[in-house]
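Have a look at the structure below before the remarks.
The values are calculated or read from the model by the stated rules, or taken from the named source; none is laboratory data. Being a predicted model, the structure only gives us computed values, none of them experimental. Cβ coordinates were reconstructed from backbone atoms using ideal geometry, including for glycine residues, and neighbour counts include every protein chain displayed.
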């Protein structure tokens, strides 16, 4: 090999690794309009939206592997009951502000105070959290080998200082036209690497066909790939205070069932606390005749409180009430403020939605319902039920667990504090023109390596 030939080969080597990824393009995704930028994964739409602008500590891929874009090392020592997390170097929020160990510490402490079963359990497990430079130390009260898995909760996200208005996720909000759309720009500082896409346009109106949307399973739209979300969303009527008679409760229950039929059976009827095909007992609540419902609700001054994530029903629900000459005041409460609102108000009727992973054990789902939907007015009784459920789970006996679930279900329904209404299952649909994307175990699209195919043009598949 002559010298000139050798030089040519040596010069070609770095060029093989110097090819830059092609950046550009915008994709559109249709979701419900969020109430604010304060994260809350109360429904599937919110779960996706906030995952685009906030980064989780850890997440689980579809193969069940635990991954992190934030930590270059994490190790748990059972002898000291200590988890050490070490941040990757030079991490920043979307405005360039450095992500420090202090932000991880603060974000975890905020999560521990949320009214979620996972947060409450971690709060009892974690003795202390401290940060020094880029290292975070988590001390536990007892040995827990699965501590990292417990930190994969979708509500556990990295938050910046409130006044900074910066975000830790793949994208950050750039333009918000209320009632129409919200444009998210690529976060060049994203810990997982800058998205190949320039922007994601979040569309709120049900017009046209976006590049990504959520809908009923097995729709099979041409040109789209379906990803079953692995979750379902349940709707419940809750009565956190005394003063609402059983007749009025059943009337409201019947009203929502009738409203669902009038809307073309938008949701599947739910005759269990979790899912009909999972429950050992079927809940049979005898609906009232329409005339009786109207008479009762006309005579009762009712204010119905609902989570802001359910605001999409407002127009149709009010139209249905007007058509049937019924008056119910509908007031929306921020999802993240619900428990504190109820604890400091006289709210007697609340419409709530919860999402569940299908693969989660039924006992765990029932525990969530008890802990997150049984408010302080009757916590003592329901905490006892929760304790019995957790003790049963330790026995690892499916038959015994189903017997306990049946007992809990019958108690809750007999008390009439929590009445199950509907269930909705979803799939995520992604255009074939988008390549390199993935979906995690919560059915959330992972877009930081997604690219719009050349055939769709440089501007992407935006609508």
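Suppose we keep only residues that are touching a strand residue (DSSP E or B) at 6+ places or on another chain (Cβ under 7 Å) and free of Cβ contacts under 8 Å to residues at least 60 places away in the same chain within the stretch 288-309. Which one would you say is nearest to residue 36 (Cα to Cα)?
From the stretch 288-309, those touching a strand residue (DSSP E or B) at 6+ places or on another chain (Cβ under 7 Å) are 302-309; that's our starting set.
Then drop every residue that is not free of Cβ contacts under 8 Å to residues at least 60 places away in the same chain, which leaves 302-306.
On the way: 302: 27, 303: 23, 304: 21, 305: 18, 306: 16 Å.
Across the stretch 288-309, the extreme among qualifying residues is 306.
Show me the strands (runs of 3 or more DSSP E) entirely contained within the stretch 1-113 in which 3 or more residues are out of contact with any strand residue (DSSP E or B) (no Cβ under 8 Å at 6 or more places or on another chain) and at pLDDT below 95. Give the steps one after another, and end with the answer.
Working: elements: 26-30, 71-77, 82-87.
Fully inside the stretch 1-113 and qualifying: nothing.
So, residue 217, is that one modelled with pLDDT under 90 and either under 23 Å from the mean Cα position of the chain (by Cα) or under 30 Å from residue 327 (Cβ atoms) (or both) or not? Don't jump to the end; show me each part of the working.
Numbers: modelled with pLDDT under 90: no; either under 23 Å from the mean Cα position of the chain (by Cα) or under 30 Å from residue 327 (Cβ atoms) (or both): yes.
So residue 217 fails the test.
Quick grid of which residues meet (1) buried (at least 19 other Cβ atoms within 10 Å of the Cβ); (2) more than 27 Å from residue 165 (Cβ to Cβ):
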site: 82; (1), (2): no, yes
site: 93; (1), (2): yes, no
site: 96; (1), (2): no, no
site: 124; (1), (2): no, yes
site: 133; (1), (2): no, no
site: 147; (1), (2): yes, yes
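Applying the selection to the stretch 340-362, what residues are surrounded by 16 or more Cβ atoms within 10 Å (Cβ to Cβ), at pLDDT below 90 and not in a loop (DSSP other than H, G, I, E, B)?
Result: 342, single match.
Anything in the stretch 201-215 that is part of a loop (DSSP other than H, G, I, E, B) and under 17 Å from residue 439 (Cβ atoms)? List them, or say none. I'd like the intermediate steps shown before the answer.
Residues of the stretch 201-215 that are part of a loop (DSSP other than H, G, I, E, B), as a first pass: 204-211.
Result: 210, 211.
Every residue in the stretch 285-303 that is in a helix (DSSP H, G or I) and either modelled with pLDDT under 85 or under 19 Å from residue 331 (Cβ atoms) (or both), please. Give the steps one after another, and end with the answer.
Taking the stretch 285-303 as the starting set, the residues that turn out to be in a helix (DSSP H, G or I) are 290-299.
The answer is 297, 298, 299.
Tell me, which residue of the stretch 96-124 that is touching a helix residue (DSSP H, G or I) at 6+ places or on another chain (Cβ under 9 Å) and free of Cβ contacts under 8 Å to residues at least 24 places away in the same chain is farthest from residue 140 (Cα to Cα)? Break it down stepwise before answering.
Keep residues of the stretch 96-124 that are touching a helix residue (DSSP H, G or I) at 6+ places or on another chain (Cβ under 9 Å), which gives 97, 108, 111-123.
When the remaining residues are screened for being free of Cβ contacts under 8 Å to residues at least 24 places away in the same chain, the result is 112-113, 123.
Working: 112: 13, 113: 17, 123: 10 Å.
Once the filter is applied, the top-ranked residue is 113.
Name, by its number, the condition in (1) touching a helix residue (DSSP H, G or I) at 6+ places or on another chain (Cβ under 7 Å); (2) surrounded by fewer than 17 Cβ atoms within 10 Å (Cβ to Cβ); (3) without any contact (Cβ under 8 Å) to a residue 40 or more places away in the chain that does not hold for residue 262.
The single condition residue 262 does not satisfy is (3).
Out of everything in the stretch 203-224 that is touching a strand residue (DSSP E or B) at 6+ places or on another chain (Cβ under 8 Å) and closer than 20 Å to residue 453 by Cα, what residue ends up being surrounded by the fewest Cβ atoms within 10 Å (Cβ to Cβ)?
Residue satisfying both the conditions and the ranking: 223.
Filter the stretch 419-445 down to the residues that are at pLDDT below 90 and not in a loop (DSSP other than H, G, I, E, B), then identify the one that is farthest from residue 285 (Cα to Cα).
438
Answer with yes or no whether residue 197 is in contact (Cβ under 8 Å) with a residue 40 or more places away in the chain and assigned by TED's automatic domain parsing to the domain that holds residue 407.
On the way: in contact (Cβ under 8 Å) with a residue 40 or more places away in the chain: yes; assigned by TED's automatic domain parsing to the domain that holds residue 407: no.
When the stated conditions are applied, residue 197 does not pass them.
How many residues, within the stretch 269-281, are farther than 19 Å from residue 249 by Cβ and loosely packed, with under 15 Cβ neighbours inside 10 Å? Lay out the reasoning, then the answer.
Our first condition is that a residue be farther than 19 Å from residue 249 by Cβ; within the stretch 269-281, this holds for 274-281.
Keeping just the survivors that are loosely packed, with under 15 Cβ neighbours inside 10 Å gives 276-277.
So the count comes out to 2.
Limited to the stretch 310-327, what total is found for residues that are in contact (Cβ under 8 Å) with a residue 60 or more places away in the chain and touching a helix residue (DSSP H, G or I) at 6+ places or on another chain (Cβ under 7 Å)?
The number of residues fulfilling the criteria is 2.
In the stretch 225-238, what residues are closer than 30 Å to residue 250 by Cβ and surrounded by fewer than 15 Cβ atoms within 10 Å (Cβ to Cβ)? Give the derivation first.
Keep residues of the stretch 225-238 that are closer than 30 Å to residue 250 by Cβ, which gives 231-238.
Hits for the stretch 225-238: nothing passes.
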